[in-house]
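The values are calculated or read from the model by the stated rules, or taken from the named source; none is laboratory data. Computed from a predicted structure; not experimentally measured. Here Cβ is always computed from backbone atoms with ideal geometry, including for glycine, and neighbour counts include all displayed protein chains.
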Amino acid sequence: MAIDSSKLKISQLQAFVMVAEYGNFSSAALELGLAQSTVSHAIATLEDELGVVLLLRGRHGAILTPEGKDILQDAQQILQSLESIHKKANLAKGLQGGQVRVATVRSIATHVLPEIIAQFRLKFPMVRVVLEEFDRYVEAEQALREGQVDVGFTSLPTSPEFEARELFRDEFVALLPPNSLNDIPLTWEQLVRYPMIMNHRSYQHNKVVRDHLLKFGYELNVAYEMREDSTIISMVRQGLGATVMARLTAEPIPPELQVRSLPVPLERTIGIITLENSLLSQAVFAFLDVATEMWR
């Protein structure tokens, strides 16, 4: 006898899968929030429609028949596909508008975010991305803490109040004046002889660099402290000294400057963060996924 698939119901498959998983009707009914008789009727109707016995009932519960075992996997896949359909539909409904507010610093806004936003807009053109640019990572974190933004970019590790996803690592490099060294690896002794030009706003990065040198018994000779990275690079280009900064921050690096890795390499880890246990919109989740997929 041919099976009329139009008579099969999702509720029957749900009841069958739940009884198979729990091994008895009472637990399955409790999980589904139904009366036990309703669950029994659903499975009996399903068996009638299919023309096979799926479960053997007994005092010790319900046991799958060989036919039941074969059909169980298909029933589970149908329910999983249905759940996926609902998730995608809900995601689409949540991404027909709204916005994602992003806190960032200049180097990320210049070299990382444009690519992320372009990809995000291709997928979700109705969602607006609003950027809040700050001088320092601590300011971006504070904006997130105060609810001014939904996500932020920062240097990891950070405070445990944030949930973080690592995106990429960025090397600290020494930028030296033109024609200052031959093509040889930089030594600590050579580096510390230069007058150093540092950004006084980059307290966190300066501390990381300083602590790194101290491990090897060296200390930078800071001669100038400036506000803008572009000013620092111009001063290095004029031969007034050298600097150490993250490569992404230094970009675009003038071709005449000499760029050297530190004698012992040093990196920073850039991540994207949200407040832990915060209620995030579908648009924010989508933005996090796009950023992670592109840069991880």
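Surrounded by 17 or more Cβ atoms within 10 Å (Cβ to Cβ), farther than 30 Å from E132 by Cβ and at pLDDT 90 or above: does that describe L113?
Answer is no for this residue.
If I filter region 154-195 down to residues being part of a helix (DSSP H, G or I) and of a type outside the set (S, T, N, Q), which single residue comes out as surrounded by the fewest Cβ atoms within 10 Å (Cβ to Cβ)?
Applying the filter and picking the extreme gives E189.
Right, E163: within 21 Å of V105 (Cα to Cα) and in the same structural domain as H111 (by TED's automatic domain parsing) or not?
yes
Could you tell me whether any residue of region 247-258 is farther than 30 Å from V129 by Cβ, among the basic types (K, R), out of contact with any Phe, Trp or Tyr (no Cβ under 6 Å at 6 or more places or on another chain) and not in a loop (DSSP other than H, G, I, E, B)?
No; the residues of region 247-258 include none that is farther than 30 Å from V129 by Cβ, among the basic types (K, R), out of contact with any Phe, Trp or Tyr (no Cβ under 6 Å at 6 or more places or on another chain) and not in a loop (DSSP other than H, G, I, E, B).
Residues of region 48-74 being assigned to a helix (DSSP H, G or I) and touching a strand residue (DSSP E or B) at 6+ places or on another chain (Cβ under 7 Å), which ones?
Result: G68, L72.
Residue by residue through region 122-153, note down the ones that are surrounded by fewer than 16 Cβ atoms within 10 Å (Cβ to Cβ), touching a Lys or Arg at 6+ places or on another chain (Cβ under 7 Å) and hydrophobic (A, V, I, L, M, F, W, C).
Matches in region 122-153: V130 only.
Do any residues in region 200-214 that are outside the structural domain of R247 (by TED's automatic domain parsing) have Cβ atoms under 8 Å from those of residues that are assigned to a helix (DSSP H, G or I) and not β-branched (V, I, T), where the two are at least six apart or on different chains, and which pairs are they?
Hits for this filter: zero, empty list.
Report yes if V102 is at pLDDT 90 or above, over 24 Å from the mean Cα position of the chain (by Cα) and not in a helix (DSSP H, G or I), otherwise no.
no
Working only within region 254-270, note down all residues that are β-branched (V, I, T) and surrounded by fewer than 16 Cβ atoms within 10 Å (Cβ to Cβ).
Matches in region 254-270: V259, V264, T269.
Please enumerate the residues belonging to region 210-226 that are more than 15 Å from A250 (Cα to Cα) and not in a loop (DSSP other than H, G, I, E, B).
R210, D211, H212, L213, L214, N221, V222, A223, Y224, E225
Condition first: free of Cβ contacts under 8 Å to residues at least 60 places away in the same chain and either among the aromatic types (F, W, Y) or part of a loop (DSSP other than H, G, I, E, B) (or both). Now tell me which residues in region 227-239 satisfy that.
R227, E228 - these are the residues of region 227-239 that are free of Cβ contacts under 8 Å to residues at least 60 places away in the same chain and either among the aromatic types (F, W, Y) or part of a loop (DSSP other than H, G, I, E, B) (or both).
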